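The values are calculated or read from the model by the stated rules, or taken from the named source; none is laboratory data. Keep in mind that what you see is a predicted model, and the values were worked out from it rather than measured. We place every Cβ from the backbone using ideal geometry, glycine too, and count neighbours over all the protein chains shown.
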Amino acid sequence: MMRYAHIVGWGCYLPDRRVTNDELSRYVDTTDEWIYQRTGIRARHIAAPHETTATLAFEAAARALDVADLHPSQVELVIVATSTPEYMFPSTACKVQDYLGASHAGAFDLSAACSGFVYALQMASQSIATGAVRNAVVIGSETMSRVLDWQDRSTCVLFGDGAGAVVLKGSSVPGGVMATTLRSDGSGADLLSLPALYHNRVPISGAEYSTNGHHKNTVDMDGRQVYRFATNVIATSIQDVLKKAELTVDDIALIIPHQANTRIIETAAKKLKLPMEKFYLNVEHNGNTSAASIPLALCDAVRDGRLKPDDNVVFVGFGGGLTWGASVVKWDVTPPEVPLIDHEWRRVRYIMARGRSRLRRWQRRVSAAVTRPDENGQGPKR
Ligand code: UT7
């Protein structure tokens, strides 16, 4: 039987600290006027020292599960799209799985820069369509503030931190994620990059290392080239995905693009001969939050009443890789009322999940202490 992956929950989290352009101009040689005119950004949120990509992702996912009214133990797959994981491994998704107490879920991270959410949505919806899983939590989460060169005004003014999540659930009712196109072009890899932490430590012999030419572990971008690429691929991916879904732009109620720059969207809208009202923009408030930007904008669009049941919405992402892609989704849910008392009660279960996680860690330590390796060091022996 055909399975369709419907969005049944959504949730977002933004760190409390909001940094305006004026505040930034006290640390960097820039102005509110320059940033707003070139990008449409007025402010961004910056994670507190105790927050990580995983804690942001957890907050967004917990809210999305509340809306979906799905217990974490029922979740079968957690995907986190991110370029700012705390570790290369374990994945951010495993940490989120643990924080949620999603004890029956597989979990992995997905790296596709600012297109990550669209890529992850496709991976999850196909897993549902094939019957591999019944539901999935798809999260875009970033702490971009940790990977910026705060001396480089051409990049540090653009990005922000945050997380957004959706819950997908399988159903035999047609709808949900209807068509997706994913594309990439690695020949443009150098246009937007973030080197991995240890990639420049090439071992020579013993404890000696040489570097391979890369010295920075911060975001590097050729803004003009990325700008040109973005305006082209937004238009083509929307056209391609509509063709795949056998729809026209007139069938689309709203386009939610990756929130990088208002001017990019204006240029793409002109190319498509579409009014700007067809596009949802919140880059003014959040800056560019990379993989988190589309689900963050989705939450705001739902809050603003921009999506009604049976509306078709297009998500379109573009960014480092180079990667780009678009999805057409039939929006078939009315936002439910989540009573506060229920919400508070649901929080208790996350506290309990952390307690169970600590207990498992403690049990592992005790078990390691009472077992010892055999004489050849081959493995545990009682
Ligand atoms: O999410 C991934 C996708 N990323 C993007 O979509 C980013 C795409 N690119 C862009 O949005 C734009 O290229 C930027 C907003 C990054 C830059 O805008 P631009 O109009 O392309 O500016 P530019 O880089 O050509 O720089 C113009 C001038 C330069 O000064 P000179 O050489 O003309 O004297 C820069 O030094 O603006 C200067 N500048 C700044 N001035 C004040 C660069 N950054 C700043 C700044 N404040 N923050």
- Message: Out of the residues in the stretch 15-38 meeting the condition of being of a type outside the set (Val, Ile, Thr) and in a loop (DSSP other than H, G, I, E, B), tell me which one is nearest to the ligand (Cβ to nearest atom).
- Response: ASP29
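Among what's in the stretch 1-22 and is loosely packed, with under 15 Cβ neighbours inside 10 Å and of a type outside the set (A, V, I, L, M), pick the residue that is farthest from LEU158 (Cα to Cα).
Of the residues in the stretch 1-22, the ones loosely packed, with under 15 Cβ neighbours inside 10 Å are 1-2, 16-17, 20, 22.
Those left that are additionally of a type outside the set (A, V, I, L, M): 16-17, 20, 22.
On the way: ASP16: 18, ARG17: 16, THR20: 11, ASP22: 14 Å.
Checking each candidate, the answer is ASP16.
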- Task: From the list LEU247, LEU298, LEU281, pick out the single residue that is part of a helix (DSSP H, G or I), under 28 Å from GLY11 (Cβ atoms) and either away from the ligand (no atom under 12 Å from the Cβ) or free of Cβ contacts under 8 Å to residues at least 12 places away in the same chain (or both).
- Result: LEU298
- Hey, does the stretch 263-270 have a residue that's in a helix (DSSP H, G or I), within 10 Å of the ligand (Cβ to nearest atom) and surrounded by fewer than 18 Cβ atoms within 10 Å (Cβ to Cβ)? yes
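List the helices (runs of 4 or more DSSP H) that sit entirely inside the stretch 83-173 and contain at least 1 residues that are touching a residue at least 40 places away in the same chain (Cβ under 8 Å) and more than 21 Å from ASP220 (Cα to Cα). Before the answer, list the steps.
Working: elements: 92-100, 116-129, 153-156.
The qualifying helices (runs of 4 or more DSSP H) are 92-100, 116-129.
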- Message: When you scan the stretch 173-180, do you find a residue that is in contact with a helix residue (DSSP H, G or I) (Cβ under 7 Å, 6 or more places away or on another chain) and over 26 Å from VAL329 (Cα atoms), even just one?
- Response: no
- Assess whether VAL302 counts as being surrounded by fewer than 24 Cβ atoms within 10 Å (Cβ to Cβ), out of contact with any Cys (no Cβ under 9 Å at 6 or more places or on another chain) and either closer than 22 Å to ARG63 by Cβ or at pLDDT below 95 (or both). yes
- Query: Consider ILE41 against the criteria (1) assigned to a loop (DSSP other than H, G, I, E, B); (2) away from the ligand (no atom under 13 Å from the Cβ); (3) of a type outside the set (Lys, Arg); (4) touching a residue at least 12 places away in the same chain (Cβ under 8 Å): it satisfies all of them except one. Which criterion is unmet?
  - Reply: (2)
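Quick test for you: out of ALA129, ALA107, pick the one residue that is under 21 Å from GLY9 (Cβ atoms), touching a Leu at 6+ places or on another chain (Cβ under 8 Å) and either surrounded by 23 or more Cβ atoms within 10 Å (Cβ to Cβ) or at pLDDT 95 or above (or both). Full working, then the answer.
Numbers: ALA129 fails: touching a Leu at 6+ places or on another chain (Cβ under 8 Å).
The unique qualifying residue is ALA107.
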- Query: Looking at ALA260, ALA326, which is the one that is under 19 Å from the mean Cα position of the chain (by Cα), among the small types (Gly, Ala, Ser), buried (at least 23 other Cβ atoms within 10 Å of the Cβ) and outside any strand (DSSP E or B)?
  - Reply: ALA260
- Is one or more of the residues making up the stretch 217-224 away from the ligand (no atom under 15 Å from the Cβ) and modelled with pLDDT under 95? yes
- Query: Of all the residues that make up the stretch 164-183, how many are within 29 Å of THR52 (Cα to Cα) and either at pLDDT below 95 or away from the ligand (no atom under 16 Å from the Cβ) (or both)?
  - Reply: 6
